[in-house]
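The values are calculated or read from the model by the stated rules, or taken from the named source; none is laboratory data. Please read all numbers here as calculations on a predicted model, not as lab measurements. When we count neighbours, we look across all protein chains shown, and the Cβ atoms used for this are built from the backbone with ideal geometry, even at glycine.
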Amino acid sequence: MPSTIDPILPGASAALVEALAGGDAPDGLRVRRYVPLAPGPLGERMITVDQTNTSVVVGERVVVKWMRPTHDGPPPDRAPDLLAQLVATGFTRTPTPYAALYRDGPDAGLAAVVTGFLPGAADGWDWCVDALIDQLDGGPPADAAGDIGVLAAELHCALATPSEVFPAPVAEVRQSTWAADGLAVLERACRVMADAEDDDGRWFTARAQRLAADIARAADVDRAYVMQPHGDLHVGQILKWRGGLAVTDFDGNPSLTGPGGALREPAVRDVAQLRTSLLHVGQIVDRRTEGRHRPAVAAWCRRAADDLLAAYRRTLDERGMADLLDERLLRPFEVEQECRELCYAARFLPRWRYAPMGVLRSWYD
């Protein structure tokens with residue numbers, strides 16, 4: 001394998017997997033190994049839905065995710081530590097981690113992450129949406145929200161368990177900037193929506209003070225526990241495959257991670273994003289069905305968000321980690337998340353604005 005690797009070149013991913021399976025370090029890369037990778041087929045195909053990075057399936061058993069630099073510098077490198085922590089604590093509800101590979105020199109940083117391939121896997125933007133549409137058409141109940149809550153709680157318990165990777169994974173903070181940070185996000189969203197000069201913009205501006213009041217409630221939390229959470233946990237990161245549900249993509253949210261990819265947040269940050277993403281599923285389905293089932297969709301959204309939280313809370317309690325969940329921060333973080341979604345839509349995907357706006361209207365109308 002050449003020292004300068006172009007992941008787009010045919011055979012580059014297969015050569016990397018072959019080298020790892022043989023116990024070698026690919027030329028020009030440093031290897032951090034997790035689970036041993038056995039030799040096997042080396043045929044390649046691209047995963048076309050991954051727009052941020054380049055993912056290649058090798059032999060229908062391994063995924064090589066080539067990391068691209070972000071606008072602000074090198075790609076995030078928090079995933080390798082989190083994967084090592086999950087291996088150390090025995091968490092298996094994620095694609096099997098095999099290795100992380102790093103470049104040295106001028107382009108130093110995380111080059112690729114190699115994990116197992118889950119046959120037939122679909123992410124939640126597909127399977128969860130399809131399940132709700134099937135329910136509305138008379139099919140079985142779309143009742144996986146509780147299972148998602150259990151998965152999220154099991155993930156957080158693994159990340160919060162001391163290991164050689166994270167000897168002290170949980171810390172208590174008595175002062176925070178969560179309210180100030182959330183209000184700064186709201187301010188950006190206000191500018192974005194004012195620029196829209198349409199009904200959504202006027203609606204948002206008229207209710208900005210109510211949103212601010214909910215976000216500001218985070219300032220009342222005098223102390224809370226923080227950890228390294230998933231960092232970008234939404235239904236799109238929840239895979240459904242023949243083995244059940246699995247969680248993937250530990251790169252985190254670049255808008256939240258700090259230098260070196262570090263992120264110390266309350267676990268409820270992940271819970272808030274997961275719950276709002278279920279509400280986004282409802283908005284997607286409402287649009288696809290042209291509003292014909294709006295009351296039923298709204299009822300599903302309320303029930304799904306509640307079921308997820310109840311299952312998450314129960315699972316933490318069963319594992320003796322109930323203190324990880326601080327529900328006082330749930331609504332402030334949920335409102336902040338919808339403001340982040342509006343900013344994201346304005347910058348990258350304007351057609352997505354309807355989803356967070358639909359959720360906000362359901363809360364504040």
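Here the condition is being under 27 Å from Thr161 (Cβ atoms), in contact (Cβ under 8 Å) with a residue 40 or more places away in the chain, touching a Phe, Trp or Tyr at 6+ places or on another chain (Cβ under 7 Å) and buried (at least 23 other Cβ atoms within 10 Å of the Cβ); of Leu274, Leu324, it holds for Leu324 alone. Of the candidates Arg303, Arg292, Arg319, the single residue that is surrounded by fewer than 24 Cβ atoms within 10 Å (Cβ to Cβ), more than 23 Å from Arg217 (Cα to Cα) and in contact with a Cys (Cβ under 6 Å, 6 or more places away or on another chain) is Arg319. One residue stands out among those in the stretch 102-128 that are closer than 12 Å to Ile238 by Cβ and of a type outside the set (D, E, K, R): the one that is surrounded by the most Cβ atoms within 10 Å (Cβ to Cβ), which is Cys128. The residues of the stretch 319-336 that are farther than 17 Å from Ala224 by Cβ and either outside any helix (DSSP H, G or I) or not hydrophobic (A, V, I, L, M, F, W, C) (or both), listed by number, are Arg319, Gly320.
Counting only strands (runs of 3 or more DSSP E) that sit completely within the stretch 197-263, zero hold 1 or more residues that are among the polar types (S, T, N, Q), at pLDDT below 95 and closer than 19 Å to Met67 by Cβ. In the stretch 188-203, the residues that are closer than 13 Å to Leu360 by Cβ reach residues that are among the β-branched types (Val, Ile, Thr) and at pLDDT 95 or above with C-beta atoms within less than 8 angstrom, at least six apart or across chains, in these pairs: Cys190/Thr205; Met193/Thr205.
Apart from one condition, Ser176 fits all of (1) of a type outside the set (A, V, I, L, M, F, W, C); (2) over 30 Å from Arg242 (Cβ atoms); (3) surrounded by fewer than 16 Cβ atoms within 10 Å (Cβ to Cβ); the exception is (3). On the stretch given as the stretch 100-110, residues that are more than 20 Å from the chain's Cα centre (by Cα) and of a type in the set (A, V, I, L, M) total 2.
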